[in-house]
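Engineer: Quick one: structure below, then a few questions.
The values are calculated or read from the model by the stated rules, or taken from the named source; none is laboratory data. Remember, it's a predicted structure, so these values are computed and weren't measured experimentally. Cβ coordinates were reconstructed from backbone atoms using ideal geometry, including for glycine residues, and neighbour counts include every protein chain displayed. For the accessible areas, the whole protein counts, side chains as well, though only heavy atoms, and no ligand, DNA or RNA atoms are used. Shrake-Rupley method; radii C 1.70, N 1.55, O 1.52, S 1.80 Å.
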Amino acid sequence: MGETDKRKIAAVVLAAGKGTRMKSSIQKQYMELAGKPLLCHSLDAFERSPVDEVIVVTGIGEEKFCRETIINPRGFSKVTKIVPGGKERYHSVYEGLRAAAGCDYVLIHDGARPCLSQAVILAAIEGAVQYSACVIGVPVKDTIKVADDHGFAETTPDRSRLWQIQTPQAFSYELVFQAYEKLFQSLENQKGITDDAMVVEQMTSCKVKLIQGEYSNIKVTTPEDIAVAEAFLNLRKSKG
Ligand code: CTP
Ligand code: MG
């Protein structure tokens, strides 16, 4: 990877959500999936990757449970910190970024995306080095329509320009950290923030590169996603 060898790369793995749409007794990030807790799949992927350091962001008060029950028994050598997150995803990201101070590049990843491959991690790192800001995504396969207030089709955007955005979202650390600092300077800035690229798009002049990843990199959100994620993970296992 040449130039990146000397650079310090951190990953912030988000696991501070409540998982309300999963409606499960155990929070989705800790649910068993293809033989281990859901969160451990992406931690395993980062463990095998060129990432130097992993920060896990967990729910407030869940740090001890996460360390003792999820992280320590599996001996992840790259997990250096487990920090509490916040109310919205962007609050959790900010806590993770603060804990990652000192790195050159940072990959922000939803712990709820267990099917993270090495190819996608490498693409995100290379994108961050080349463009300072990039997100992994896939071109949409379905036609997307914008609805009016009454549930009727209003417009149909040109599908060839639509991407479904996933994580990792990867950045030069200083760029994304400054963007997040600015985000918290006013409540107005924080309206409708759903991903990290939006923060960089709105708070800086840096353009965010879209990098094609894999359709299998799904976010486990509702119960039917469990079966799909397990199928992808087992398929990968059988291919070796
Ligand atoms: N997340 C987080 N902090 C929050 C909200 C979300 O760290 N305050 C994380 C989740 O743990 C997840 C990722 O962001 O890894 C994407 O969020 P989502 O899929 O919406 O998960 P949840 O918020 O947990 O689920 P739900 O919205 O159904 O409650
Ligand atoms: Mg959520």
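Engineer: Find the centroid of the Cα atoms in the range 215-234 and in the range 44-71, then give the distance between the two in whole Å.
Structural biologist: 20
Engineer: Where in the range 1-54 are there trypsin sites (Lys or Arg not before Pro) that are in a DSSP coil and have at most 14 other Cβ atoms within 10 angstrom of their Cβ?
Structural biologist: Numbers: sites: LYS6, ARG7, LYS8, LYS18, ARG21, LYS23, LYS28, ARG48; in loops: ARG7, LYS8, LYS18, LYS23, ARG48.
Sites meeting the loop and neighbour criteria: LYS18, LYS23, ARG48.
Engineer: Here's another thing I want to ask about it. Given a 1.4 angstrom probe, what's the average accessible area per residue across the range 1-77, in square angstrom? Before the final figure, lay out the partial values.
Structural biologist: Numbers: 3730 Å² over 77 residues.
Using a 1.4 Å probe on heavy atoms only, each residue of the range 1-77 averages 48 Å².
Engineer: Enumerate by residue number the trypsin sites (Lys or Arg not before Pro) in the range 122-205 meeting two conditions: DSSP loop (anything except H, G, I, E, B), and at most 10 other Cβ atoms within 10 Å of the site's Cβ.
Structural biologist: Values: sites: LYS141, LYS145, ARG159, ARG161, LYS182, LYS191; in loops: LYS141, LYS145, LYS191.
Sparse-neighbourhood loop trypsin sites (Lys or Arg not before Pro): LYS141, LYS191.
Engineer: Measure out, as a whole number of angstrom, how far apart the alpha-carbon centroids of the range 131-157 and the range 6-34 sit.
Structural biologist: Between the Cα centres of the range 131-157 and the range 6-34 lies a distance of 25 Å.
Engineer: Assigning unit charges at the beta carbon (Lys, Arg +1; Asp, Glu -1) and nothing else, what dipole magnitude in debye, to the nearest 20, does the chain show about its Cα centre?
Structural biologist: On the way: 30 positive and 30 negative charges, 98 e Å.
Dipole about the Cα centre, nearest 20: 480 debye.
Engineer: Counting DSSP beta bridges in the chain, what percent are antiparallel, to the nearest 5? Before the final figure, lay out the partial values.
Structural biologist: Numbers: 14 of 35 bridges.
In the chain, approximately 40 percent of DSSP beta bridges are antiparallel ones.
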